[in-house]
Amino acid sequence: MYKAPRGTADILPEEQGYWRFIEDRAIALCRLYGYQRLDTPAFEDAQLFTRSIGEGTDIVTKEMYTFKDRSGNILALRPEGTAPVCRAYLEHGMDNSPQPVKLYYLATIFRYERPQAGRYRQHYQFGFEAIGDADPTADAEVIEMAWQFFKSLGLGSLYLYLNSIGCKVCRPKYMESLKRYYSAHVSGLCSDCKTRIEKNPLRLLDCKKPFCYDVAEAAPKSTGYLCQECETHFEAVQTYLNTLKLPFEVNHRLVRGLDYYTKTVFEIQPLGEGAQSALGGGGRYDDLIEELGGRPTPAIGFAAGMERVVLNLKRQKITVPSLTTPPVFIAHLGNEANLEAVKLASTLRKDGIAAIMGTGDRSLKSQLRQANSIGSNYVAIIGEDEVKSGTVTLRNMMSGEQKTAPPAALGDLLKKVD
Ligand code: HAM
C-alpha cells in the first residue's frame with residue numbers, strides 16, 4: 001500500500017469546510033484592503049530563492065527541494081511565496097504601474113523539515129505583499145491586515161510580536177556586536193548555534209534550546225543599534241499600531257528565518273506556544289526587489305500557514321459553515337423505477353438541486369439507510385405504484401411526512417421546503 005509522502009497530508013472531504021472557510025475569509029480580507037490575486041508556478045529557478053532567502057539560512061541549506069530537469073535547469077519547489085511575487089512583479093513590468101502594487105496568494109510551499117504537529121514538508125500559505133511603499137503606515141496596515149485575518153476567523157488568544165532588525169546601514173554594527181557577545185559565551189551553546197556565530201548570527205537569537213535561550217535573552221538588542229532612519233520608522237510603526245489599538249509586544253529575539261528582511265519584522269503566535277508554531281509572520285524587505293535586478297523598491301508582506309490555522313480553529317472549537325446542503329436521495333425499486341430515477345436525478349440537477357441516486361437493486365430499507373448516512377433531508381421514492389401513477393413520493397426524513405407529486409413538480413416542491 002502506498003502512503004502519502006512523509007510530511008504531507010491529504011485534505012479529506014470532512015476537512016474541506018475549514019479550508020474553504022479560511023480561503024473565503026482570506027479573499028474577502030484582500031478585497032477590503034485592495035489586494036489582487038497572483039498565482040505563480042510551484043517551481044522556479046533555484047537561484048531566485050538562494051539569492052533572496054539567503055545562502056546561510058536553514059531553508060536554503062537544508063530544506064529546499066532542488067532538482068535538475070531534463071534540460072539541465074536547476075529548479076526548486078517554492079519554499080516560500082515572497083521571492084516569486086517579486087520575480088513576477090519585475091517580469092511583468094508592475095514596477096511601472098502606480099505604486100504600491102498589492103498582491104496576494106494562496107499557494108503550496110515545500111520545505112524539507114522534520115515533520116511534527118503543524119510542520120509539514122508541503123504546506124499551504126496565505127500571503128500578501130505591498131510593494132512600493134516605504135511609509136510606516138504601510139507596515140501598520142499590513143500588520144493590521146494580518147491581525148484582522150485571524151480575528152475574522154474567530155481566533156482569539158493571540159500574541160503579536162514586533163521587532164526592527166535595522167537595515168544595511170545599521171545592521172553590520174549590530175552583527176559585530178552580536179558576534180562579539182556570542183564569542184564570549186560560546187561554551188554551552190548547541191552545535192547549530194556555534195556554527196551560526198559566523199554564518200548567520202541573527203538566527204542565534206531564535207534558538208529554543210534552554211541554554212541558548214538564556215544566552216539570547218541577555219544578548220544585545222537590534223533596537224539598540226538602529227540608525228536614525230530605522231529608529232524613526234520603528235517608532236512611527238508603533239505609534240500607528242497603538243492608534244489602531246493592536247496589542248503588540250516588542251520582542252528583541254524575533255528575527256525571522258529569511259535573510260531578506262529589513263526594519264520591521266513581526267509574527268503572530270497562539271497563546272502558550274513557541275515560535276515553532278507561529279500562525280504567521282512577515283516584515284519589510286526593502287532591498288529584495290533591487291537584489292533581484294529591479295530599481296530600489298521598498299516592500300512589506302506577511303504569510304500565514306493554513307494548516308496551523310486549521311489546527312487552531314479546531315483547538316479553539318470554532319465551528320465553520322457547512323459546505324453543502326445535503327443532496328436529495330432518489331430511492332427506486334424495479335427496472336422501470338430505475339429508468340424514472342435516472343431521469344429524475346438528471347432533471348433535478350439541471351434545476352440546480354443536488355441529487356444522488358440509490359445504488360443498484362438494493363431494498364428500500366437499505367436505500368433509506370444510505371440516504372441517512374449521507375445526511376439527506378429528503379428522499380424521493382419511486383416504486384411500482386409511483387411508476388404506474390406517474391408520480392414520485394417525497395419523504396421528509398426528519399418528520400417522516402410524505403407527499404406525492406409528478407416528477408416535474410418535484411423541483412418546485414423541494415425549493416419551497418428548503
Ligand atoms: P515564514 O515565517 O517562513 O515566512 O512562513 C510563514 C508561515 O508559514 C509561518 O508562520 C507558519 O505559519 C507557516 N509555515 C512555515 N513553515 C511551515 C511548515 N513546514 N509547515 C506548516 N506551516 C509552515 C515566509 O515564508 C515569508 N515569505 C512571509 C512573508 C511574506 N514575509 C514577507 N512577506
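Observations
- Pairs from the table (K102/K263; K62/K199; K221/K263; K208/K314; K102/K314; K151/K209) lying more than 23 angstrom apart at Cα are K208/K314; K102/K314; K151/K209.
- Excluding ligands, DNA and RNA, the accessible surface per residue across the range 328-412 is 56 Å² with a 1.4 Å probe.
- With distances taken between every two different alpha-carbon atoms, the range 203-313 has a Kirkwood hydrodynamic radius of 15.7 Å.
- Residue range of the chain that is longest and free of GluC sites (Glu not before Pro) which are both DSSP loop and sparsely packed (at most 12 other C-beta within 10 Å): 56-400
- Within the accessible area of the chain (1.4 Å probe), percent carbon and sulfur: 51 percent
- Convex hull volume of the range 1-139 per residue (C-alpha atoms, cubic angstrom): 159 Å³
- The charge dipole of the chain, taken about its Cα centre with unit charges on the Cβ atoms of Lys, Arg (+1), Asp and Glu (-1) only, comes to about 960 debye.
- Sparsely packed trypsin sites (Lys or Arg not before Pro) within the range 208-269, loop by DSSP, other Cβ within 10 Å at most 14: K208, K245
- Converting the Cα gyration tensor eigenvalues of the chain into ellipsoid dimensions via √(5λ) gives semi-axes, longest first, of 55, 22, 21 Å.
- Three-way shape call for the range 321-395 based on the alpha-carbon gyration tensor, with the a/c threshold at 1.5: oblate
The values are calculated or read from the model by the stated rules, or taken from the named source; none is laboratory data. Computed from a predicted structure; not experimentally measured. Reconstructed Cβ throughout: ideal geometry from the backbone, glycine too, with neighbour counts over all protein chains shown. The area values use the complete protein model at the heavy-atom level, side chains included, leaving out ligands, DNA and RNA. Shrake-Rupley method; radii C 1.70, N 1.55, O 1.52, S 1.80 Å.
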